[in-house]
Structure formats: structure tokens, C-alpha cells
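Here you go, one structure.
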Amino acid sequence: MSDQTIKNVYPDLVPVAPDKSVASSQPAWSLKDAWPWKIQLAIFLPCLVIATIFIFAAVPSLVAPYAPTDMDDNAILAAPSLHHLFGTDQFGSDILTLVIYGARQSVLLALGAILLGASSGTLVGLVTGYAGGKLDAAVMRVIEVWMSIPPMLLALIIAAALGGGFSSTIIAIASMIVPRFSRIVRAQVISIKARPFIVAAQALGASKTWILRRHVLPHAGSLLLVLSTLWVGEAILAGSALSFIGLGANPDHPDWGFILAQGRNYLTDAWWYATFPGLAITSLVVSVNLLGDTLRSKFDPQHKLR
Amino acid sequence: MRMAFPSTMAQRAAAPNMEYVLKRLASSILVVFGAITLVFLILDWLPGDPAMLLAGDGANNATIANIQAQLGTNRPLWVQYGSYLWQLAHLNLGTSFVTNEPVINRIWQQFPQTVELGACSCLVAVLFGVTLGIASAVYEGRWFDRAVQIVLLFLTSMPSFWIGILLILVFAVSFHWLPAMGSGSFRQLILPTACLGLGRIGHLERLVRSGVIDVLHEPFVTTLRGKGLKEIPILYRHVLRNALIPVITQFSMVIGEILSGVVVIETLFARQGLGRLIVDALSDRDIPVLQGVVLFVSIFYVSLNFFIDLSYVWIDRRTRI
């Protein structure tokens, strides 16, 4: 049965924009006692930081003060100064430049991992939650096994088994996201499945994929948004940890974790070497998490996630 | 009325639900079996033939084939899997490709250091997480609560190894108060514990805070206040009991995070331990050690979860049917 047929026969049964009906019954912000400028700040500041880092990632050559291959022989491990705001490394390269050029790897890594992890996790959660029965039980058992290995260890052996490097790091981090994501989505789908409009759509003979696409997915949408934002931070941290151990990026395209790992060898001589890449990671993750929290307090006031 | 509860509790505690315990045990064993299979399959993909690595550069094919036969890596996958299971059933995790020691011995050597670090970090996380969570729930929306939230937002968003590097820079490099490397003494334990524990406070604090806030808003608390009870007895006697029990289930998350964090932290602080063993085994392509440690940690994790679940059932009467 097509969208149009159902709309013509039973106009009430087709929620045009399902989320609005839910949202309008609640205040726009659950933090209504807080001052509005604080909330604005909590959205504006992280967005500013994220936008800056995205610009670094997109066009590093326009922003960076030097080229990443520039090496200043007169300034080896030089302390931060006006010429080198973040100092220089053991080859005399400018660390600010390295950090700006490293943004692309770190951002792509996190985005790739979250896209892969969230989409496969959502798919698994939707299908198992809606199908129920033996398929659900079997997949949940697999997920239980999957989660029995501490996340970082699993990511580590998967990254190693796939040979290290960029794409295997993405798969490794996605492997941490998939089981946790699909569990939460599944729970949400099960609770949506029991609602009357789904039963009505089933009674009208709508196909499973149609119900999933038109009814279940839109209702889980805000949850997916919040959950993805919250996981971006974890993905960045996991990616930098893998690079730090030496499994992530290759030395030709150093990401922040890699620069940090290099700086670790010069802790006594050059505090700036490891400090600034870490500051970059932290500012990105803080912004993403702050944004995630703000989104969560809007879409999930009762803090049902996690 | 109040006297009636302890006696029923005692009766129920005397007769724990054996059926539940057995079911949970069976599923834990199944999960461990699944984990063995999963780890075996993943590590089978590991690139680089260990025989070639062991033989070194310029070895001829006969030598490599010889080493392969010795290691048993030339057999079909399912035969290797079968023999691996058979060895595991005899508590034999194989021998290290590199040092020729039994893997189980290497694990037992390193395990205490990891437990020491993990338990101390867990203690730090739980202690700070629970107290800060309760305090910021009580002062919900006030400056104390906000300050705690902001500090913890930063702590959770910092990579644990960066916290470690900052701690080393301040306490070891600048002031020479604490050693930055090695393991064995208490002083060497302080920085890694701080670094691993501090990052884990955030999630736990959040759960405790929202749990306590939820209970504080329940009607029975209003009733108690209406009866004229003081805030402090209400908090300790009634609210915390209800709010903290669900937090127990979250311990498994904290332990999982710590077991994950150990890998990076032990490498950073050049400590002995299972995490370090994994990183070394990875760079040496020492598959038996890698397999053994990952399995060992997973079994440890699954059994901890088993006991956490049991204690939850034992403490929370509502889950007993």
C-alpha cells in the first residue's frame, strides 16, 4: 500500500511530521529556569570551535602559517614565540602548522567511524527490534559476545588484524560503536512498535520496510542525532588513542594523536610539543560533548540515554 | 511497619534465586565461548606470517615451512581452532613465539600490576563520582553543581594519555615530586591512578546525580519533608538507598573503560602490566600472547559482570521475583 492510498483512506493515520506533535506538548527547553543567553552560548561556542577546526581540516594551506614540510634549522625544539606560536618540533617544523594539518585526519577519522558505526548500528537495531523473535535473540547474543571484550582491546586487535592505517582504524572504532548503538536503537524501536499508529499501519497491510522507514525511523530520529553527537567525542578519543599506540595514522599524514605520541619523547625538553596537540583534541571533544549535552537536554529531557 | 521489612529481607536473602544464578552462569559461559571464537577469528586475519618473522630476513622456504609446522600455523583453520579449544580446556594458552615461555606464566606475572592500577583507579572514580554526584544533586542548579559539571565535562573530554602527559609535566618534570616511569612502588602508582581514575569520574557522576535528583523529586520525599524530617536523614536513609542501587549496574561500564584505558596508560608510564603486554605482543606479532591476554581480560571482565549482576539482584529486592 502506498503512502498516498493510506493518506486518502485514513488521513488521520499518517503522521505528516511525527516529531512536531511530540515536541509541541513539551517546552522547547527543559532548562527553562536557566538564562537563555547561557543556552545560546552553549550552542554558539562549541559550534564556533567545531567550525574553526572544520576550516583547518578543509583548507589547511590557507590557515597554516607555514607549510608542513618547512623545517627551520635555527629553531629546533624552540619554545612558543611570536614566530612559532605553538613552538617547534625536533626537525624545526612549526607545531601550529602540524596541528592544523593534522585536523583533517582526526576529523575524517571520527566522522568516518561515526557514519559507519551509527548507520550499521541503526540498521541492526531497527531490524532486530522490529523483527523480534529468533533473529533478535540470536543477534543480541552476538552483541553480548562482542561487548564482552573491553572496547579498546577489541578496537586494538581489529585495527591490528586489518593492518593498521586509516580505513582499518575507522572500522576498529566503528566496532566499538555498533553494539552499543544498536542496543539503544533496538530498545527505542521496541517501544515505538507497541504504539497504536504502528499497529494501525500493520492492520492496513503496510509493508515492514515502509513502516520502518515512514514511522519508526522518524520517531527514532532525535535519539539518533543525540546518540551520534555523544559518540563523536568517544570516536575522536579512541582514534587518537590508537594513533598514540602507533596503530592509527601513518607518519605521512600525522593526526593529533600521532603528534602527541611524538611529543611524548621530548617531555623534559619541550613541554609544548605534546601539550598543544592534546589541547586541540580536548577543545574539539569538549565542544562536541557540550553540543551533545545541549541537544540531549532538548530531545531527551529525562536522560534515558546511557 | 518498619520492622516488617528486615525479616522479609532476611528470608529472601537466605533463599537466593538459584534458577536465576544458574541461568546467568550458563549465559556467561556461552559468552566466554563466543569471545574465544571471536578473538580467534579476528587474529587469524592478522597480516604477516609469524613464521616468516621468526625466521628472519633471507631465510629459505624450507626453514619457513619447518617453523610453520612447529607452530602449527600450516594446518587448516578449523583444525587450529579445535586444537586451540582443546589446549584451552587444559588451561594451556600456548607458548609465546618470542620468548618461548608459556603464555599463562607471562599473564600471571603481569596481572597483579594491572589489578593494582585498575582497582585504585576504580576506587578513585567511584569515590569521587558518587560523592560529587550526590553533592551536585543536592545543590542542583547552584554554582557548585555548575562548577562540577564544567570541570567534569573537561575531564571526560580529555584523552587519558594527555591528562597523563600534563600530570608528568607538572609533577615529574617541573617539580620532581613524583616519578613518571616504572611500576612497583606506591609513589609510581599515584600518577597513573590519577590519570586513569579522573577521566572516569564524569559518566559515573552524571548517573549518580540524575538518579539522586529523580528520587529527590518523588512524592515520598515530599511526604517525608511534610512529616518534619530533616534533609540529612531523608538523604541518607531514604534517598541514597533508592538512588544508588541502580548505579551498581554501571560499575561494569566503569570497569570496561578502565580495562580499555590500561593499555594506553601502561604504555605511557612504562609500567608492567597486561596492557603493556598487549602492545608489545602487537609489535612483535606474538599471536599466542595477544590471544591469551585478550581472552584473559575478557574472561575477567565477564566474571566481574556476573558478580555485579548477582550482587545487584541480592541488594535490590525489586528484581527478585
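Just to check I understand the Karplus step: with θ = phi - 60° and J = 6.51 cos²θ - 1.76 cosθ + 1.60, what whole-Hz values come out for the range B:103-119, glycine and proline as x?
With coefficients 6.51, -1.76 and 1.60, one gets 4, 4, 5, 4, 5, 5, 5, 8, 4, x, 5, 5, 5, 4, 5, x, 5 Hz.
Using only protein heavy atoms and a 1.4 Å probe, how much accessible area in total is buried between A and B, to the nearest 100 Å²?
3900 Å²
Next question. Please tell me which of these pairs span more than 24 angstrom C-alpha to C-alpha: A:Lys208/A:Lys298; A:Lys134/A:Lys208; A:Lys208/B:Lys23?
Values: A:Lys208/A:Lys298 30 Å; A:Lys134/A:Lys208 17 Å; A:Lys208/B:Lys23 34 Å.
Over 24 Å Cα-Cα: A:Lys208/A:Lys298; A:Lys208/B:Lys23.
Considering every residue in A:263-269, what mean count of other chain Cβ atoms within 10 Å of its Cβ is obtained?
Mean shielding count: 3.
Right, another one. Taking the Cβ of A:Ile53 as the center, what net charge do the other residues with Cβ under 13 Å away carry, scoring Lys and Arg +1 and Asp and Glu -1?
Taking every other residue near A:Ile53 into account, the sum is 0.
Provide a whole-number value for the mean count of partner chain Cβ atoms within 10 Å of the Cβ atoms in peptide B:28-35.
4
Check which residues have an amide H placed less than 5 Å from B:Phe269's amide H, if you skip close sequence neighbours.
Counting only residues 5 or more places away or on other chains, the set is empty.
List the residues whose amide H sits under 5 Å from the amide H of A:Gly132, counting only those 5 or more places along or on another chain, with H placed 1.01 Å from N in the peptide plane.
none
So, one more: In whole Hz, what ³J(HN,Hα) sequence does the range B:240-256 give by Karplus (6.51, -1.76, 1.60; θ = phi - 60°), x for Gly and Pro?
Karplus-based 3J(HN,Hα) across the range B:240-256 equals 4, 4, 6, 7, 7, 4, x, 5, 4, 5, 7, 4, 5, 5, 4, 5, x Hz.
Right, another one. Quick one: dipole size for chain B, taken about the Cα centre, charges +1 on Lys/Arg Cβ and -1 on Asp/Glu Cβ, in debye to the nearest 20.
1480 debye
Considering protein heavy atoms only and a 1.4 Å probe radius, which residues within the range B:154-185 exhibit an accessible-area decrease of no less than 50 Å² in the full assembly relative to the chain by itself?
B:Ser157, B:Pro159, B:Phe161, B:Trp162, B:Ile165, B:Leu169
What would the Debye equation give as log₁₀ I(q)/I(0) for the range A:74-146 at q = 0.19, 0.22 Å⁻¹, counting only Cα atoms as equal point scatterers?
Debye output, listed in q order: -0.81, -0.92.
Moving on to the next point. Each residue of the range A:89-94 in order: what ³J(HN,Hα) in whole Hz does its phi give by Karplus 6.51 cos²θ - 1.76 cosθ + 1.60, θ = phi - 60°, with x for Gly and Pro?
Values per residue, Gly and Pro as x: 9, 5, 9, x, 6, 6 Hz.
Between A:Ser191 and B:Ile308, take the C-beta separation as r, use R0 = 30 Å, and let me know the FRET efficiency to the nearest 0.05. Before the final figure, lay out the partial values.
Values: r = 26 Å, r/R0 = 0.86.
For A:Ser191 and B:Ile308, the calculated efficiency is 0.70.
Give me the accessible area per residue for chain B, probe 1.4 Å, as a whole number in Å².
52 Å²
Two decimals is fine: what's Rg over Rh for chain B, C-alpha atoms, Kirkwood radius as Rh?
Dividing the radius of gyration by the Kirkwood radius yields 1.07.
Could I ask something else about it? Compare the Cα positions of B:Leu22, B:Trp86, B:Asn66 along the charge dipole of the range B:16-154 (+1 at Cβ of Lys, Arg; -1 at Cβ of Asp, Glu; about the Cα centre) and return the one farthest towards the positive end.
B:Leu22
How much accessible surface does B:His238 have with a 1.4 Å probe, in Å² rounded to 10?
The accessible area comes out at roughly 50 Å².
Taking the convex hull of the Cα atoms, report for the protein assembly as shown its projected area averaged over all directions, in nm². Present the calculation step by step, with values, prior to reporting the outcome.
On the way: hull surface 142.6 nm².
Taking the Cα atoms of the protein assembly as shown, their convex hull projects to 35.6 nm² on average.
Lys/Arg Cβ at +1, Asp/Glu Cβ at -1, dipole of the range A:168-304 taken about the Cα centre: which of A:Leu242, A:Val232, A:Ala274 is farthest positive-ward?
Going by the charge dipole, the pick is A:Val232.
Here is a further query. Over the whole of A:160-169, what's the average partner chain Cβ count within 10 Å per residue? Rounded to a whole number, please.
Other-chain Cβ atoms within 10 Å of each residue's Cβ, averaged: 3.
Treat every Asp and Glu Cβ in the protein assembly as shown as -1 and every Lys and Arg Cβ as +1, leave all other atoms uncharged, and give the resulting dipole magnitude about the Cα centre to the nearest 20 debye.
Working: 43 positive and 36 negative charges, 615 e Å.
Once rounded to the nearest 20, the dipole reads 2960 debye.
How far is helix B:61-71 tilted, in degrees, relative to the longest principal axis of the Cα atoms in chain B, given as a value from 0 to 90 rounded to the nearest 10?
Helix B:61-71 and the main axis of chain B meet at about 40 degrees.
Now, a different point. Compute accessible area for the range B:247-287 by itself and then with all protein chains, 1.4 Å probe, and report residues whose area falls by 20 Å² or more.
The answer is B:Ser260, B:Val263, B:Val264, B:Thr267, B:Leu268, B:Ile278, B:Val279, B:Leu282 - residues whose exposure falls by at least 20 Å² when every protein chain is included.
Also: List the residues whose amide H sits under 5 Å from the amide H of B:Thr95, counting only those 5 or more places along or on another chain, with H placed 1.01 Å from N in the peptide plane.
The list, which skips near neighbours in sequence, is B:Val103.
How much of the accessible area of the range B:103-320, probe 1.4 Å, is carbon plus sulfur, in whole percent? Working shown, then result.
Working: 6310 of 9480 Å².
The value for the range B:103-320 is 67 percent carbon and sulfur by accessible area.
Here's a follow-up. Can you check what the Kirkwood hydrodynamic radius comes to for the range A:147-207, Cα pairs only, in Å to one decimal? Mind dumping the intermediate values first?
On the way: mean 1/r = 0.0715 Å⁻¹.
Kirkwood hydrodynamic radius for the range A:147-207: 14.0 Å.
Quick one: the Cα spread of the range A:238-284 along its three principal axes, in angstroms, biggest first?
Each principal axis gives a Cα extent; for the range A:238-284 these are 26, 22, 16 Å.
Specify which residue in the list A:Leu156, B:Ile232, B:Thr249 is farthest towards the positive end of the charge dipole of the protein assembly as shown, using unit charges on the beta carbon of Lys, Arg (+1) and Asp, Glu (-1), about the Cα centre.
Result: B:Ile232.
If all Cα-Cα distances of the range B:165-299 are sorted into 5 Å bins from 0 onward, what percent lands in each bin, rounded to whole numbers?
2, 9, 14, 13, 12, 11, 10, 9, 8, 5, 4, 2, 1, 0
For the range A:138-260, compute the orientation-averaged projected area of the C-alpha convex hull (one quarter of its surface), in nm².
Value for the range A:138-260: 9.2 nm².
The values are calculated or read from the model by the stated rules, or taken from the named source; none is laboratory data. Quick caveat: nothing in here was measured; it's all calculated off a predicted structure. All Cβ positions, even for glycine, are placed from backbone atoms using ideal geometry, and neighbour counts span all protein chains on display. Calculation scope for accessible area: heavy atoms of the full protein, side chains included, ligands and nucleic acids excluded. Shrake-Rupley method; radii C 1.70, N 1.55, O 1.52, S 1.80 Å.
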